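Take a look at the structure set out below.
The values are calculated or read from the model by the stated rules, or taken from the named source; none is laboratory data. For clarity, every value in this text was computed on a predicted model and none was experimentally measured. Don't worry about glycine lacking a Cβ; one is built from the backbone with ideal geometry, like all the others, and counts go over all protein chains shown. What goes into the accessible areas is simple: the full protein's heavy atoms, side chains included, and nothing from ligands, DNA or RNA. Shrake-Rupley method; radii C 1.70, N 1.55, O 1.52, S 1.80 Å.
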Amino acid sequence: MPTTTRTHTAIATIAKGVVESVQFPTSEPGPEEVVVKVAYSAIVAPDVYMVEGVLPISQEDYPVPLGISISGLVDAVGHGVTRLKEGDRVCAFTMLEQKSKGLQTKAVLHQTLCAQIPDDLTLEAAATIPDNFVTAFYTLFNELGLPPLKAFPVISAPPGADKPVLIYGAGATTGQYAIQLLKLAGYTNVIATASSHNHDYLRSLGARHTIDYRSPDMADQIIRAAGGKVELVMDCISAEGTLKRVAQVVQSNAKVALLLPVKEGDSVITESGRAWMELPPDRNPFEEGVEVIGVRTFLYQENEYLKERLMPEILAQLLKDGLIQPSRIRMFDQGTFLERALAALELMGSGKVSGEKVVVKVA
């Protein structure tokens, strides 16, 4: 008898600027992999970049499914899976493989990409966490070189606990997780720039100073808050305009982490469609001596410690202990799966998302 190939529904970009509902073959889990029945998936800026061609895609790679952070239930486990079992509630950072992406009803993931979530955390809230948490942790404790931490919260303050750390664009959800992690790590002098309507919330997460990025004297306010120019910066927007403003407030030996790609213009969503995976020398506003670090979060598993522990152990424990606050949600749960995804992509692409995570109900 002929073998019937099982399929499932995915939302994918099938050509530049075109998103459709497609059928993908449903894979069985390989060694140390799990199949997750996806409940919710977050839509993030890289999804917009892929659809609009800001991140170039080869013709032979289409269709490309979307969605990077997910939540759902473990549906099947492969050989050698020790951390999870069928029925477990998880959130996951899906990386770039087609079979693992989030806007599909079944995703196949390595167990190290998953974190078990406690019963008191909803699946929709859990979907807001993985990509931002991984990006913030990797940026702070790997790329910026803050002392690696293996337990949260810390028992004693780290060296330089009161050193100013600037989180530029902290209203972005990655910035919110960075503030929380710095607080848990014992850092007490976090300076956050964001729209004023996000200030109270950012202070509740652990920021000492909040400054409106629209203020004409923003640079002076940052320098006054820091007691001088700052040495450590995480730019959560990483656009030409934000880099120029950050350059005004950093020391000559500062470390500045940029969340790639670097965008033309002044927003996380570039109107021109131009972006770079390395900062072009002719667009670099920093003086010689400033270490500019381009953060590529998808490489975090090259660090063996982070691969084995960041999602399955560190995040799982933080969630169990109630030490991480999920992002606020803009939910898309009306209409067909494709209609929900298209509406979410449109909002994300408008550049009008502030302080919230755009989440699509998958199943």
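Filtered by the rule that a residue be in contact with a helix residue (DSSP H, G or I) (Cβ under 7 Å, 6 or more places away or on another chain), open to solvent by 10 Å² or more (accessible area, probe 1.4 Å) and either without any contact (Cβ under 8 Å) to a residue 12 or more places away in the chain or over 28 Å from Val268 (Cα atoms) (or both), segment 34-75 gives no residues. Scan segment 1-30 for residues that are outside any strand (DSSP E or B) and in contact with a strand residue (DSSP E or B) (Cβ under 9 Å, 6 or more places away or on another chain) and the total you get is 7.
Sort through Tyr187, Tyr177 and tell me the only one that's buried (at least 19 other Cβ atoms within 10 Å of the Cβ) and closer than 19 Å to Arg328 by Cα. Please lay out each step first, then the result.
Working: Tyr187 fails: closer than 19 Å to Arg328 by Cα.
Of Tyr187, Tyr177, the one residue that is buried (at least 19 other Cβ atoms within 10 Å of the Cβ) and closer than 19 Å to Arg328 by Cα is Tyr177.
A single entry from Arg328, Arg274 fulfils the requirement of being within 23 Å of Asn198 (Cβ to Cβ), in contact (Cβ under 8 Å) with a residue 24 or more places away in the chain and of a type in the set (Lys, Arg): Arg328.
When the residues of segment 121-132 are filtered to those that are in a loop (DSSP other than H, G, I, E, B) and touching a residue at least 12 places away in the same chain (Cβ under 8 Å), the one that is most open to solvent (accessible area, probe 1.4 Å) is Leu121. Here is a check on your reading of the model: is Tyr177 farther than 27 Å from Asp282 by Cβ and free of Cβ contacts under 8 Å to residues at least 60 places away in the same chain? Spelling it out, it is not the case that Tyr177 is farther than 27 Å from Asp282 by Cβ and free of Cβ contacts under 8 Å to residues at least 60 places away in the same chain.
Might you let me know whether segment 328-340 holds any residue that is among the charged types (D, E, K, R), over 20 Å from the mean Cα position of the chain (by Cα) and buried (at least 17 other Cβ atoms within 10 Å of the Cβ)? Before you say what the answer is, go through the steps one by one.
Applying the first criterion (among the charged types (D, E, K, R)) to segment 328-340 yields 328, 330, 333, 339-340.
Now restrict to residues that are over 20 Å from the mean Cα position of the chain (by Cα): 333, 339-340.
With buried (at least 17 other Cβ atoms within 10 Å of the Cβ) added as a condition, the list becomes 340.
Checked against the condition, which is being among the charged types (D, E, K, R), over 20 Å from the mean Cα position of the chain (by Cα) and buried (at least 17 other Cβ atoms within 10 Å of the Cβ), segment 328-340 yields at least one hit.
For segment 212-224, the criterion of a residue being farther than 21 Å from Gln251 by Cβ and within 23 Å of the chain's Cα centre (by Cα) is satisfied by at least one position.
Using the structure shown, decide if Leu319 is surrounded by fewer than 20 Cβ atoms within 10 Å (Cβ to Cβ) and in contact (Cβ under 8 Å) with a residue 12 or more places away in the chain. Give the steps one after another, and end with the answer.
Numbers: surrounded by fewer than 20 Cβ atoms within 10 Å (Cβ to Cβ): no; in contact (Cβ under 8 Å) with a residue 12 or more places away in the chain: yes.
Here the answer is no, as Leu319 does not meet what is asked.
In segment 41-49 there is at least one residue that is assigned to a loop (DSSP other than H, G, I, E, B), within 22 Å of Thr128 (Cα to Cα) and within 19 Å of the chain's Cα centre (by Cα).
Among the candidates Val54, Val64, Val36, single out the residue that is within 17 Å of Met277 (Cα to Cα) and in the same structural domain as His110 (by the TED database). The match here is Val54.
Yes/no matrix, rows are residues, columns are (1) closer than 23 Å to Ile43 by Cβ; (2) surrounded by 15 or more Cβ atoms within 10 Å (Cβ to Cβ):
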position: Ser204; (1), (2): no, no
position: Arg214; (1), (2): no, no
position: Asp217; (1), (2): no, no
position: Gly228; (1), (2): no, no
position: Met234; (1), (2): yes, yes
position: Ser238; (1), (2): yes, yes
position: Val249; (1), (2): no, yes
position: Val262; (1), (2): yes, yes
position: Glu302; (1), (2): no, no
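Cβ-Cβ contacts under 6 Å between residues 6 or more apart (or on different chains), taken from a first residue in segment 201-214 that is of a type in the set (Lys, Arg) to a second residue that is surrounded by 15 or more Cβ atoms within 10 Å (Cβ to Cβ), are listed as Arg203/Thr210; Arg208/Asn189; Arg208/Val190. Looking at segment 96-111, can you tell me whether even one residue there is in contact with a His (Cβ under 6 Å, 6 or more places away or on another chain) and either open to solvent by 10 Å² or more (accessible area, probe 1.4 Å) or of a type in the set (A, V, I, L, M) (or both)? Within segment 96-111 (the criterion being in contact with a His (Cβ under 6 Å, 6 or more places away or on another chain) and either open to solvent by 10 Å² or more (accessible area, probe 1.4 Å) or of a type in the set (A, V, I, L, M) (or both)), the answer is yes, since at least one residue qualifies. Sort out which residues of segment 270-313 are assigned to a loop (DSSP other than H, G, I, E, B) and over 23 Å from Ser238 (Cα atoms), and write them in order of number. Result: Asn303, single match.
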